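K.L.:
To start, I am sharing the structure in question, which I have written as structure tokens.
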Amino acid sequence: MPIADARVLKYAIIGSGMMGLEHIRNLVEMPEVQIVAVCDPHTPSLEKARRALNRMEGVRYFANHVEMLNHCQADVVVIATPNHTHFHIAKDVLKSGKHILIEKPLCITVAECLELEQIEAATTVEDRVVWVGLEYRYMAPTARVKQEIDKGTIGNVQMVSIREHRYPFLEKVDDWNRFNANTGGTLVEKCCHFFDLMCILANSSPVSVMASGSQDVNHLSENYGGRTPDILDNAYVIVNFENGVRGMLDLCMFAEASKNEQEICVVGDKGKIEAMISESIVRIGKRKNGYGTFQDFPIELEEDVVQGFHHGASFKEHRFMQAAIRNRQKAEVGLREGLISVAIGQAAHLSIEQSRLVLISEVLE
Ligand SMILES: NC(=O)c1ccc[n+]([C@@H]2O[C@H](COP(=O)([O-])OP(=O)(O)OC[C@H]3O[C@@H](n4cnc5c(N)ncnc54)[C@H](O)[C@@H]3O)[C@@H](O)[C@H]2O)c1
């Protein structure tokens with residue numbers, strides 16, 4: 001792809017906890033990129049950033065994002081702070097006119113996501129890229145599933161199921177991820193990734209959601225200033241799409257005794273394709289005269305991709321975003337995709353709360 005603008009892109013990072021450090025580790029491997037500022041009010045997080053940057057010259061450190069925005073010459077700002085802070089920080093960064101990569105979930109409610117969308121729609125900044133960190137679509141096995149679907153390998157897609165069976169939520173700075181009020185709820189916080197994947201694999205928009213779930217095992221004996229965490233740790237979520245495709249999420253967060261953290265299975269009228277993410281295998285099956293044959297394909301990561309914690313997906317996300325900036329294109333994963341993935345999660349929580357099918361239109365109002 002021809003690059004319209006090959007200037008060095010200057011980055012500022014807001015939030016240097018686990019995910020902020022992953023972004024820093026990706027960016028330092030890219031020669032056409034320079035990190036100019038990092039901001040975090042938590043001194044140990046800032047110190048980790050200093051170490052990850054090997055005390056590189058020319059990087060400025062701040063405790064407050066407004067001060068940082070006023071005093072650094074960044075082209076791109078990465079927001080990797082706790083979910084409940086995304087909305088107000090994103091509003092400030094949108095005003096600054098800089099390109100933005102905002103971590104998932106875009107915000108903790110649909111209302112906040114809609115407001116950001118409105119602010120951006122009214123902007124006078126030209127060719128600004130606002131990208132949402134839903135990078136699971138760039139994991140190599142997931143990307144292969146999408147390619148095979150697009151090639152017609154399994155015919156017309158009918159069902160998309162995604163299983164995430166994993167370890168409980170990790171500990172975070174100030175334990176922000178133990179309460180729905182900070183995360184938006186597990187089905188927003190964590191599962192926006194899977195709802196985004198469902199949308200692209202179904203190649204359609206969600207219409208309604210039905211879910212069952214609760215907090216049965218994890219964090220029940222933890223105590224934070226007299227409060228017990230209230231976050232759901234297992235759920236089934238069914239999503240109906242406009243084109244008739246049915247999606248299903250099977251989430252269990254006390255299932256670290258699993259070979260694969262994620263398994264994706266898409267069935268069409270001509271066959272079935274599965275991705276075992278931890279094993280990095282894609283299995284393609286074809287139907288013929290009432291029988292089926294299948295073949296496994298080991299999926300290798302490209303050599304120039306930094307593996308990181310997300311199988312190289314967050315590294316590729318940066319590459320794609322940088323290409324969009326340099327070529328003045330729109331974000332492939334923008335505010336709309338961020339909003340829809342939050343809307344499905346919010347609808348799923350409402351479905352659990354009220355034991356009923358919830359229309360996506362209800363939560364988008
Ligand atoms: N895309 C992914 O796969 C992925 C994976 C993990 C986390 N995340 C997302 O990344 C974000 C950060 O999660 P994390 O796991 O790094 O959490 P974390 O607790 O490890 O780090 C968050 C950091 O943000 C800092 N912070 C809090 N308020 C701030 C503010 N106002 N300004 C600047 N810094 C501030 C905290 O001090 C902390 O250092 C969350 O939105 C989370 O959902 C995304």
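The values are calculated or read from the model by the stated rules, or taken from the named source; none is laboratory data. From a predicted model like this one, the values you see are computed outputs, not experimental measurements. Positions of Cβ are backbone-derived with ideal geometry, glycine not excepted, and every protein chain shown enters the neighbour counts. SASA here: full protein model, heavy atoms, side chains in, ligands and nucleic acids out. Shrake-Rupley method; radii C 1.70, N 1.55, O 1.52, S 1.80 Å.
K.L.:
Of everything in region 292-304 that's assigned to a loop (DSSP other than H, G, I, E, B) and of a type outside the set (V, I, T), which residue is most open to solvent (accessible area, probe 1.4 Å)? Please lay out each step first, then the result.
P.N.:
Restricting attention to region 292-304, the residues satisfying the condition of being assigned to a loop (DSSP other than H, G, I, E, B) are 299-304.
Checking which are of a type outside the set (V, I, T) leaves us with 300-304.
Values: E300: 151, L301: 54, E302: 85, E303: 190, D304: 94 Å².
That would be E303.
K.L.:
Same structure, new question: List, please: which pairs have Cβ atoms under 6 Å, are six or more places apart or on different chains, and start with a residue in region 60-72 that is within 11 Å of V38 (Cα to Cα) and end with one that is of a type outside the set (K, R) and open to solvent by 90 Å² or more (accessible area, probe 1.4 Å)?
P.N.:
That search, which allows pairs on different chains as well, returns A63/P41.
K.L.:
Still on this model: Take region 95-126 and flag every residue that is acidic (D, E) and more than 21 Å from R319 (Cα to Cα). First the steps, then the outcome.
P.N.:
Within region 95-126, the subset acidic (D, E) is 103, 112, 115, 117, 120, 126.
Answer for region 95-126, where residues must be acidic (D, E) and more than 21 Å from R319 (Cα to Cα): E112, E115, E117, E120.
K.L.:
Okay, moving on. Please pick out the residue among T123, T142, T153 that is away from the ligand (no atom under 12 Å from the Cβ), β-branched (V, I, T) and open to solvent by 30 Å² or more (accessible area, probe 1.4 Å).
P.N.:
On the way: T142 fails: open to solvent by 30 Å² or more (accessible area, probe 1.4 Å); T153 fails: open to solvent by 30 Å² or more (accessible area, probe 1.4 Å).
Criteria check complete, one pass: T123.
K.L.:
Could we say that L357 is of a type outside the set (S, T, N, Q), surrounded by fewer than 21 Cβ atoms within 10 Å (Cβ to Cβ), under 14 Å from V188 (Cα atoms) and assigned by TED's automatic domain parsing to the domain that holds S212 here?
P.N.:
no
K.L.:
Looking at region 336-363 only, could you name the residues that are of a type in the set (S, T, N, Q) and outside any helix (DSSP H, G or I)? Walk me through how you get there before you give the answer.
P.N.:
Let us first name the residues in region 336-363 that are of a type in the set (S, T, N, Q), namely 341, 346, 351, 354-355, 361.
Across region 336-363, the qualifying residue is only S355.
K.L.:
Do any strands (runs of 3 or more DSSP E) entirely within region 1-81 hold 3 or more residues that are at pLDDT below 95, within 10 Å of the ligand (Cβ to nearest atom) and open to solvent by less than 70 Å² (accessible area, probe 1.4 Å), and if so, which? Spell out the reasoning first.
P.N.:
On the way: elements: 9-14, 33-39, 60-62, 76-79.
Passing ranges: none, list empty.
Here's the yes/no breakdown for (1) within 30 Å of H86 (Cα to Cα); (2) outside the structural domain of H219 (by TED's automatic domain parsing); (3) at pLDDT below 95:
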| residue | (1), (2), (3) |
| --- | --- |
| L251 | yes, no, no |
| E263 | yes, no, no |
| V267 | no, no, no |
| A275 | no, no, no |
| G285 | no, no, no |
| G290 | no, no, yes |
| Q322 | yes, yes, no |
| N327 | yes, yes, no |
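K.L.:
Among the residues of region 82-97, write down those that are touching a strand residue (DSSP E or B) at 6+ places or on another chain (Cβ under 6 Å) and more than 9 Å from the ligand (Cβ to nearest atom).
P.N.:
A90, V93
K.L.:
Another question about this same structure. Could you please give the count of residues in region 305-335 that are buried (at least 21 other Cβ atoms within 10 Å of the Cβ), assigned to a loop (DSSP other than H, G, I, E, B) and of a type in the set (A, V, I, L, M, F, W, C)?
P.N.:
Here the count works out to 2.
K.L.:
Turning to a different aspect of this structure: When region 296-326 is examined, which residues are found to be touching a Gly at 6+ places or on another chain (Cβ under 7 Å) and not small (G, A, S)? Talk me through it step by step, then tell me what you get.
P.N.:
Initial filter on region 296-326 (touching a Gly at 6+ places or on another chain (Cβ under 7 Å)): 301, 305-306, 314-315, 317.
Within region 296-326, L301, V305, V306, F315, E317 qualify.
K.L.:
Could you go through region 161-174 and let me know if any residue there is more than 16 Å from the ligand (Cβ to nearest atom), open to solvent by 50 Å² or more (accessible area, probe 1.4 Å), touching a helix residue (DSSP H, G or I) at 6+ places or on another chain (Cβ under 6 Å) and in contact (Cβ under 8 Å) with a residue 12 or more places away in the chain.
P.N.:
Our first condition is that a residue be more than 16 Å from the ligand (Cβ to nearest atom); within region 161-174, this holds for 161, 163, 165.
From what is left, the residues that are open to solvent by 50 Å² or more (accessible area, probe 1.4 Å) are 163.
If we keep only those that are touching a helix residue (DSSP H, G or I) at 6+ places or on another chain (Cβ under 6 Å) as well, we get none.
No, region 161-174 has no match at all.
K.L.:
If you scan region 230-251, which residues turn out to be within 24 Å of F179 (Cβ to Cβ) and over 20 Å from the mean Cα position of the chain (by Cα)?
P.N.:
Within region 230-251, just D230 meets the criteria.
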